[in-house]
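Chemist: Let me begin by handing over the structure; questions about it come next.
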Amino acid sequence: FHQMGDLRDSAAEIGAFVTSVQRQTGASRVDIVGYSEGGMVPFYYLNNLGGTAHVRAVVTIASPMRGMGFYGILERMEASPEGRALMRATVPAADDGAKNSAYMRTIAQGGLTRPGVAYTTVSSRDDLVVALNESQLPPAPNVVNWVVQDFCPSAHVFHGDAPYNDVVLQLVMKA
């Protein structure tokens, strides 16, 4: 999907891809793994486009599941009409992914998670883009929130390193 565009459009692309995978493999349900923004996009597919019937599990890596504040910068931009206009014009995905944005409120209606889908988040205390409290889902029986340093205290995993880190990849495979 196109990371600079509207996340709803990206979610529809995920839905089309899931349908294609199901047709090609015969699988009734699939697993989705997403990194950063790519981890929050499937939630629109799941919660608003009927994707829960087609998805067994979602694993997110360093994803702003509760919206991203970028340590206050995006929140300050969202607070002014000029800041919002600038975000919408230059990086619509940042506008969608900001804390308390219309997109984030939409995917959270009825709760971020749904029964029947297993959710795993993989986060790092060293992430300087997505804060730890932004990357985890609310507790639920079908939710596991893993922090890399709980498994390997010496691991220093920054945001851009996360999808390439051995500990992260081991946790994704374990999910």
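The values are calculated or read from the model by the stated rules, or taken from the named source; none is laboratory data. Bear in mind the structure is a predicted one, so any value in this text is a computation, not a measurement. No Cβ is skipped: glycine too gets one built from the backbone with ideal geometry, and neighbour counts run over all protein chains shown. Side chains are part of the model used for accessible areas, which takes the heavy atoms of the whole protein and leaves out ligands, DNA and RNA. Shrake-Rupley method; radii C 1.70, N 1.55, O 1.52, S 1.80 Å.
Chemist: Outside any helix (DSSP H, G or I) and surrounded by 14 or more Cβ atoms within 10 Å (Cβ to Cβ): which single residue out of L128, L169, L137 fits that description?
Modeler: L137
Chemist: Scan region 6-59 for residues that are touching a Pro at 6+ places or on another chain (Cβ under 6 Å) and more than 25 Å from W146 (Cβ to Cβ) and report the count.
Modeler: 1
Chemist: Here's a follow-up. Run Q149 past the list (1) touching a His at 6+ places or on another chain (Cβ under 9 Å); (2) without any contact (Cβ under 8 Å) to a residue 12 or more places away in the chain; (3) of a type outside the set (V, I, T) and report the number of the one that doesn't hold.
Modeler: Single failed check for Q149: (2).
Chemist: In region 2-10, is there at least one residue being surrounded by fewer than 16 Cβ atoms within 10 Å (Cβ to Cβ) and assigned to a strand (DSSP E or B)?
Modeler: No, because not a single residue in region 2-10 is surrounded by fewer than 16 Cβ atoms within 10 Å (Cβ to Cβ) and assigned to a strand (DSSP E or B).
Chemist: May I pose another question? Would you pick out the residues in region 27-53 that are small (G, A, S) and farther than 21 Å from S124 by Cβ?
Modeler: A27, S28, G50, G51, A53, listed by residue number.
Chemist: Right, another one. Report those helices (runs of 4 or more DSSP H) wholly inside region 15-101 carrying at least 1 residues which are open to solvent by less than 10 Å² (accessible area, probe 1.4 Å) and closer than 17 Å to A118 by Cα.
Modeler: Those helices (runs of 4 or more DSSP H) span 37-48.
Chemist: Moving to a separate point now. Does N145 fit the bill of being touching a Pro at 6+ places or on another chain (Cβ under 9 Å), within 20 Å of V41 (Cβ to Cβ) and either open to solvent by 50 Å² or more (accessible area, probe 1.4 Å) or assigned to a strand (DSSP E or B) (or both)?
Modeler: yes
Chemist: Now for a separate question. Looking at region 11-24, I want the residues that are over 12 Å from L49 (Cβ atoms) and have a partner that is open to solvent by 40 Å² or more (accessible area, probe 1.4 Å) and modelled with pLDDT under 95 with Cβ atoms under 9 Å, at least 6 apart or on another chain. Which pairs are those?
Modeler: Close Cβ pairs satisfying both conditions: F17/F1.
Chemist: Let me ask another. What pairs come out if I take residues in region 102-125 that are under 14 Å from M40 (Cβ atoms) and open to solvent by 10 Å² or more (accessible area, probe 1.4 Å) and pair them with residues that are outside any helix (DSSP H, G or I) and not hydrophobic (A, V, I, L, M, F, W, C) whose C-beta lies under 6 Å away, six or more apart or interchain?
Modeler: Correct list of pairs: M104/G67; T113/Y119.
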